[in-house]
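*Asks:* Below is a structure I'd like to ask you about.
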Amino acid sequence: RKEVEQDPGPFNVPEGATVAFNCTYSNSASQSFFWYRQDCRKEPKLLMSVYSSGNEDGRFTAQLNRASQYISLLIRDSKLSDSATYLCVVAFYGGATNKLIFGTGTLLAVQP
Amino acid sequence: DAMVIQNPRYQVTQFGKPVTLSCSQTLNHNVMYWYQQKSSQAPKLLFHYYDKDFNNEADTPDNFQSRRPNTSFCFLDIRSPGLGDAAMYLCATSRDGGRTGTSGRYEQYFGPGTRLTVT
């Protein structure tokens, strides 16, 4: 079983749609959680951290369920510019320093 | 602007010819990481430095080495590149690796990557 699992997609949605991505992780010792965004042939960029209480940043809402080891990202009112791969990332303290474990990403294509 | 810089952005090397990729940061972060990312795959951690302490991942081939001469710079050396080493190599930094037990969020900030082609 992969440490971080995501539906690879692609998710093809029209502009203005609401889309949700899910992610599960296997290591219960994971301590921090993130969503990164990666555009084609570019580096990953931090989109938002994910907290147990849930957090929102504009059109983006992230949720964490530690009991189920499940993370979600909701994008409302999708824009063409949201088209990218969304990487679910978990971090845990690996003995020397923190380590990030990446999911393989979910590809989102927003259509005009 | 403070940032993570990687040079070169594109590197072509011949099979078996040593190559060095460089990373520099102006963030003054303690920790620097090297990842390998192949097409449609997740970034895979190769190793990292916490200050001068080197931490190798168990499955990183011996062909890959790293140097960190000072806080700002970190190098990835591939001693004998094979065709399978063609990938994007990403450098990342974080302020605190969690070693101090702080409740840091462990965010990592990535450079733009070096795309390596092996001919």
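*Asks:* Out of A:Leu107, A:Leu87, A:Leu80, A:Leu74, I need the residue that is surrounded by fewer than 21 Cβ atoms within 10 Å (Cβ to Cβ) and either over 20 Å from A:Pro8 (Cα atoms) or within 14 Å of another protein chain (Cβ to nearest Cβ) (or both). Which one?
*Replies:* Details: A:Leu87 fails: surrounded by fewer than 21 Cβ atoms within 10 Å (Cβ to Cβ); A:Leu80 fails: either over 20 Å from A:Pro8 (Cα atoms) or within 14 Å of another protein chain (Cβ to nearest Cβ) (or both); A:Leu74 fails: either over 20 Å from A:Pro8 (Cα atoms) or within 14 Å of another protein chain (Cβ to nearest Cβ) (or both).
Sole residue among the options that is surrounded by fewer than 21 Cβ atoms within 10 Å (Cβ to Cβ) and either over 20 Å from A:Pro8 (Cα atoms) or within 14 Å of another protein chain (Cβ to nearest Cβ) (or both): A:Leu107.
*Asks:* Can you tell me which condition B:Leu45 does not meet? The list is (1) away from chain A (no Cβ under 11 Å); (2) crowded, with 19+ Cβ neighbours inside 10 Å, and all the others hold.
*Replies:* Checking B:Leu45 against (1) away from chain A (no Cβ under 11 Å); (2) crowded, with 19+ Cβ neighbours inside 10 Å, the one that fails is (1).
*Asks:* For segment A:36-51, what are the residues that are within 16 Å of B:Ser94 (Cα to Cα) and part of a strand (DSSP E or B)? Working first, answer last.
*Replies:* From segment A:36-51, those within 16 Å of B:Ser94 (Cα to Cα) are A:36, A:43-49; that's our starting set.
Those that are within 16 Å of B:Ser94 (Cα to Cα) and part of a strand (DSSP E or B): A:Tyr36, A:Pro44, A:Lys45, A:Leu46, A:Leu47, A:Met48, A:Ser49.
*Asks:* If B:Pro18 satisfies all but one of (1) under 15 Å from the mean Cα position of the chain (by Cα); (2) open to solvent by 30 Å² or more (accessible area, probe 1.4 Å); (3) in contact (Cβ under 8 Å) with a residue 24 or more places away in the chain, what's the number of the condition it fails?
*Replies:* (1)
*Asks:* Assess whether A:Asn22 counts as being more than 9 Å from chain B (Cβ to nearest Cβ), open to solvent by 10 Å² or more (accessible area, probe 1.4 Å), assigned to a strand (DSSP E or B) and within 28 Å of B:Gln36 (Cβ to Cβ).
*Replies:* Values: more than 9 Å from chain B (Cβ to nearest Cβ): yes; open to solvent by 10 Å² or more (accessible area, probe 1.4 Å): yes; assigned to a strand (DSSP E or B): yes; within 28 Å of B:Gln36 (Cβ to Cβ): yes.
It is true that A:Asn22 is more than 9 Å from chain B (Cβ to nearest Cβ), open to solvent by 10 Å² or more (accessible area, probe 1.4 Å), assigned to a strand (DSSP E or B) and within 28 Å of B:Gln36 (Cβ to Cβ).
*Asks:* Only one residue in A:Phe60, A:Phe92, A:Phe33 is surrounded by fewer than 18 Cβ atoms within 10 Å (Cβ to Cβ), more than 25 Å from B:Ser39 (Cβ to Cβ) and among the aromatic types (Phe, Trp, Tyr). Which one? Can you show your working first?
*Replies:* Working: A:Phe92 fails: surrounded by fewer than 18 Cβ atoms within 10 Å (Cβ to Cβ); A:Phe33 fails: surrounded by fewer than 18 Cβ atoms within 10 Å (Cβ to Cβ).
Of A:Phe60, A:Phe92, A:Phe33, the one residue that is surrounded by fewer than 18 Cβ atoms within 10 Å (Cβ to Cβ), more than 25 Å from B:Ser39 (Cβ to Cβ) and among the aromatic types (Phe, Trp, Tyr) is A:Phe60.
*Asks:* Just checking, which of B:Ser80, B:Ser39, B:Ser66 is of a type in the set (Gly, Ala, Ser), part of a strand (DSSP E or B), on the phi < 0 side of the Ramachandran plot and open to solvent by 10 Å² or more (accessible area, probe 1.4 Å)?
*Replies:* Just one listed residue meets the conditions, B:Ser66.
The values are calculated or read from the model by the stated rules, or taken from the named source; none is laboratory data. Keep in mind it's a predicted model, so treat the numbers as computed, not measured. Here Cβ is always computed from backbone atoms with ideal geometry, including for glycine, and neighbour counts include all displayed protein chains. In case anyone asks, the SASA skips ligands and DNA or RNA and just uses the protein heavy atoms, side chains included. Shrake-Rupley method; radii C 1.70, N 1.55, O 1.52, S 1.80 Å.
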